[in-house]
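Notes for the one structure printed next.
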Amino acid sequence: MLRRHLLAAAGAAALPLPAFAQGAPIRITIATGVDPSFAPYYVAREGGFFQRNGLDVTVNTGPSGSAMIAFLVGNQINSAYGAEQAGVSAHLVDPNVVAVAEGTALLRWISVVGRNVASMDDLKGKRVGVARGTGSETFWLSVVSRLNLNPADYTIVNVEAPEMVAALERGNIDAFAVWEPWPTRAQRAIQGTRILLSNEQIQIVRNFVYMNRGWAEQNQEATQRLMRSLIQAQEFCDSNQAEAAAQVARFLRQDRAFVQELMGKVAYRMNLTSDSVANIQLAIDQLRGMNRLSRDVTPQQVIWTGPLQQVAPDRVRI
């Protein structure tokens, strides 16, 4: 079930913002998960960037960013923020669902976490929690491929990210593969829990900003204002890290120090590069390997450079 967050008033921002003529702001709805890797969405709202770019934005949150991408099908929402595989899957259902920017590079963010398991070798024959169709599954498949593991050695249990710590504590699973804050929370809450492997050793997973292309082409002014807001929020995350962390913590209602620690494990981008293309291609290949690719698709079809090219052409490097 979605948790709807109302637009909150924010103080003056440090970055220059264009002035718009008097009139009603453009209303849009965006959606993502609940973790600091999606900080540009939260900062754009809490820091006033949406408001000062003439937007009235409703931010919906769900169990993961990837889960929310599906709402772009049929334009139930206007933009979402999540991982590669979910974006490709949604594009296969509705070609209007496209990636318009690489939002976040998850540098030290996703881990395989085990309870009473000493190593990856000891994980054989055990149950691993994976959130299917998300960056969790993308990462686990990369682990299997990179370490040349036999998938038959593991029982995969489909678990939504927010439920993984509880499932591990109950003994429903022996390990899980997922993003922060759940690895850190598990280590702090459950005795005998440790990180067996992190994504630094395997793959830099990326979160993308997605839009419904049909809606974006019909609402070009709103699209440009959205992209401009997100770029300004990303720059603020880099130049004012402590204040950005405070805004994210306020939005998520989480501890500020904990949020700032987590934000140091990612890099906020708002660009499109060859790395962006490579990660979308990896997601396509993984879906093909699982027989979930209903038709042929290329990264060039999934990625739409138009919106970013219009507001910041120097950020498009593909």
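Observations on the structure shown:
- Scope region 118-131; condition surrounded by 17 or more Cβ atoms within 10 Å (Cβ to Cβ) and either over 15 Å from Leu196 (Cα atoms) or free of Cβ contacts under 8 Å to residues at least 60 places away in the same chain (or both); matching residues: Arg127, Val128, Gly129, Val130, Ala131
- Residues satisfying the stated conditions in region 188-200, i.e. touching a residue at least 40 places away in the same chain (Cβ under 8 Å) and more than 15 Å from Gly129 (Cβ to Cβ): Gly192, Arg194, Ser198, Asn199, Glu200
- Residue in region 225-234 that is in the same structural domain as Ala70 (by TED's automatic domain parsing), touching a residue at least 40 places away in the same chain (Cβ under 8 Å) and in contact with a Ser or Thr (Cβ under 7 Å, 6 or more places away or on another chain) present: yes
- Qualifying position, being buried (at least 24 other Cβ atoms within 10 Å of the Cβ), within 18 Å of Thr223 (Cβ to Cβ) and in contact (Cβ under 8 Å) with a residue 12 or more places away in the chain, among Val43, Val98: Val98
- All conditions in (1) touching a helix residue (DSSP H, G or I) at 6+ places or on another chain (Cβ under 8 Å); (2) surrounded by fewer than 22 Cβ atoms within 10 Å (Cβ to Cβ) hold for Ala166, with the sole exception of (1).
- Flag not set for Ala242, criterion: touching a Lys or Arg at 6+ places or on another chain (Cβ under 8 Å) and over 16 Å from Val98 (Cα atoms).
- Residue that is nearest to the chain's Cα centre (by Cα) [pool: residues in region 172-230 that are small (Gly, Ala, Ser) and crowded, with 17+ Cβ neighbours inside 10 Å]: Ala177
- Condition met for Ser274 (at pLDDT 95 or above, among the polar types (S, T, N, Q), closer than 30 Å to Pro151 by Cα and assigned by TED's automatic domain parsing to the domain that holds Leu72): yes
- Criterion (assigned by TED's automatic domain parsing to the domain that holds Leu141 and either touching a Cys at 6+ places or on another chain (Cβ under 6 Å) or over 29 Å from Ala90 (Cα atoms) (or both)) met by exactly one of Arg194, Arg253: Arg194
- The condition of being modelled with pLDDT of 95 or more, in a loop (DSSP other than H, G, I, E, B) and either surrounded by fewer than 24 Cβ atoms within 10 Å (Cβ to Cβ) or touching a strand residue (DSSP E or B) at 6+ places or on another chain (Cβ under 9 Å) (or both) holds for only one of Ile69, Ile30, Ile77, that being Ile77.
- Looking across region 83-109, the residues that are over 17 Å from Thr273 (Cα atoms) and either outside any helix (DSSP H, G or I) or among the aromatic types (Phe, Trp, Tyr) (or both) come down to Asp94, Pro95, Asn96, Val97, Arg108, Trp109.
- Region 162-174 residues that are assigned by TED's automatic domain parsing to the domain that holds Met120, paired with ones that are surrounded by 17 or more Cβ atoms within 10 Å (Cβ to Cβ) and assigned to a loop (DSSP other than H, G, I, E, B) (beta carbon under 7 Å, 6 or more apart): Pro162/Pro63; Ala167/Val159; Ala167/Ile173; Ile173/Val159; Asp174/Val117
- When the test is whether a residue is in a helix (DSSP H, G or I), touching a helix residue (DSSP H, G or I) at 6+ places or on another chain (Cβ under 9 Å), free of Cβ contacts under 8 Å to residues at least 40 places away in the same chain and not small (Gly, Ala, Ser), Arg185 passes it.
- Listed by position, the helices (runs of 4 or more DSSP H) enclosed by region 246-318 that each have at least 3 residues that are polar (S, T, N, Q) and either in contact with a strand residue (DSSP E or B) (Cβ under 7 Å, 6 or more places away or on another chain) or over 23 Å from Gln224 (Cβ atoms) (or both) are 274-289.
- All positions within region 33-55 that are under 15 Å from Arg228 (Cβ atoms) and either under 12 Å from the mean Cα position of the chain (by Cα) or not in a helix (DSSP H, G or I) (or both): Pro40, Tyr41, Gly47, Gly48, Asn53, Gly54, Leu55
The values are calculated or read from the model by the stated rules, or taken from the named source; none is laboratory data. Keep in mind the model is a prediction, meaning the values are calculated, not measured. Neighbour counts run over all protein chains shown; Cβ positions are idealised from the backbone, glycine included.
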